[in-house]
Amino acid sequence: MPSPYNKSSLRCHLPLRAINQKEREETEQMSLTAVQIRPFTPFPIQISHHTYRTIIKLSSKTLSKPLQIKSKSQETHHDFTPRTRTQEDGIPIEDVKIIAKFKSRHNYIRVLEISRKADHPFAGSRLLLLDAPGNIHSISFLFKSLTNTYFDVFAALPPIIPPGPIAILGFGAGSAARLLLELYPGVVVHGWELDSSVIDVGIEYFGLKKLEKQYPDRLFIYVGNALSAKVKDGFSGILVDLFCKGSLIPELQDPNTWEKLRKSLRKGGRIMVNVGGSCVEAEDKRRDGKVVMEDTLKAMHQVFGDKLFVLNLGNRKDDSSLALTGKLPDLDAWKKVLPRSLSCHVDMWRPLSL
């Protein structure tokens with residue numbers, strides 16, 4: 001089946017609706033695969049039923065694994081050792097509220113709200129999940145901008161590119177755009193999203209309408225094929241976050257795609273890409289996340305050669321990665337112009353090793 005990214009999208013508005021108790025129960029009975037949040041990439045959600053409470057577990061598409069439900073009989077181990085919770089830890093089901101759930105032309109869309117009282121890094125956030133795998137494609141917090149996910153790595157791009165507009169291919173509900181606009185007063189963002197319903201959700205639940213009003217001359221959003229993105233004189237930087245049915249879109253494994261994107265850059269411009277990894281679970285089991293990531297990096301290498309670097313988002317073998325094109329910047333100079341919360345990732349970039 002051809003990827004929907006080969007086609008233009010007709011804007012269609014689908015009604016958003018609250019989730020009733022019956023749907024909530026149905027959700028707890030589902031087995032969903034999530035990739036990324038995408039924490040530094042899509043995140044999967046896992047629900048396990050402990051003998052003492054129900055847990056929703058969010059794992060890093062960088063966000064990334066599926067929403068799995070385990071019965072009490074399947075749960076055999078309990079760790080009561082006090083420790084600091086991470087994104088990989090579970091969230092009690094009572095701290096999670098589903099505030100929207102519907103199917104659009106392209107996605108199975110769900111919006112989750114995590115209680116501020118939850119003992120978890122995602123406390124006080126809203127999460128956007130798309131498709132059966134349950135990938136988290138956007139995250140927002142009420143009282144902070146940084147997300148402690150791969151979106152923060154995306155936000156480190158502006159200091160190492162020339163002046164000019166930045167494209168976001170795979171806009172979602174605007175997580176990356178929000179960071180860029182708030183951290184860099186001069187940055188202009190052009191975002192492409194295939195699914196108009198995702199933009200509608202961004203407006204309804206993620207403050208996108210407010211963001212557009214706040215930055216009317218710096219934020220431009222388009223509904224359609226992200227791989228056709230272009231502006232006069234080219235982009236200074238491109239952020240690529242294109243997933244479909246829980247997998248990087250097939251076009252990203254084609255060197256011709258990267259040659260086209262390279263030609264859309266200004267001189268000195270760069271591309272940063274969420275390339276997923278083994279943590280990404282696709283609806284099509286033949287689309288193994290690690291294999292797709294490696295094929296994508298090979299395709300990029302044919303175009304960018306040795307000017308290609310990779311950042312792994314965690315210490316586990318199933319964590320996902322990001323890729324960066326261009327000559328490796330002066331890392332010390334790069335860190336000096338970034339907030340400490342972003343500079344910590346700079347030293348993590350490594351040359352691609354095939």
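The values are calculated or read from the model by the stated rules, or taken from the named source; none is laboratory data. On a predicted model such as this, the values are computed, not experimentally measured, just so you know. Note: ideal-geometry Cβ built from the backbone for every residue, glycine included; neighbour counts use all protein chains shown. Quick note on the areas: whole protein, heavy atoms, side chains included, nothing else; ligands and nucleic acids left out. Shrake-Rupley method; radii C 1.70, N 1.55, O 1.52, S 1.80 Å.
Of note, Ile203 satisfies the criterion of being open to solvent by 10 Å² or more (accessible area, probe 1.4 Å), among the β-branched types (Val, Ile, Thr), over 15 Å from the mean Cα position of the chain (by Cα) and more than 20 Å from Gly237 (Cα to Cα). Residues that are at pLDDT 90 or above, in a strand (DSSP E or B) and in contact with a Phe, Trp or Tyr (Cβ under 8 Å, 6 or more places away or on another chain) were ranked within segment 130-155; the one that is surrounded by the most Cβ atoms within 10 Å (Cβ to Cβ) is Ser138.
A Cβ distance below 9 Å, combined with a sequence gap of six or more or placement on separate chains, defines the contacts here; from segment 163-175, residues that are on the phi < 0 side of the Ramachandran plot and part of a loop (DSSP other than H, G, I, E, B) reach residues that are open to solvent by 10 Å² or more (accessible area, probe 1.4 Å) and of a type in the set (S, T, N, Q) in the pairs Ala173/Ser140.
Listed by first and then second residue, the pairs with beta-carbon distance under 7 Å, at least 6 apart or on different chains, first residue in segment 203-229 and hydrophobic (A, V, I, L, M, F, W, C), second open to solvent by 60 Å² or more (accessible area, probe 1.4 Å) and part of a helix (DSSP H, G or I), are Ile203/Lys209; Leu219/Glu212. Ser197 passes every criterion in (1) of a type in the set (Ser, Thr, Tyr); (2) open to solvent by 20 Å² or more (accessible area, probe 1.4 Å); (3) out of contact with any helix residue (DSSP H, G or I) (no Cβ under 8 Å at 6 or more places or on another chain) apart from (2).
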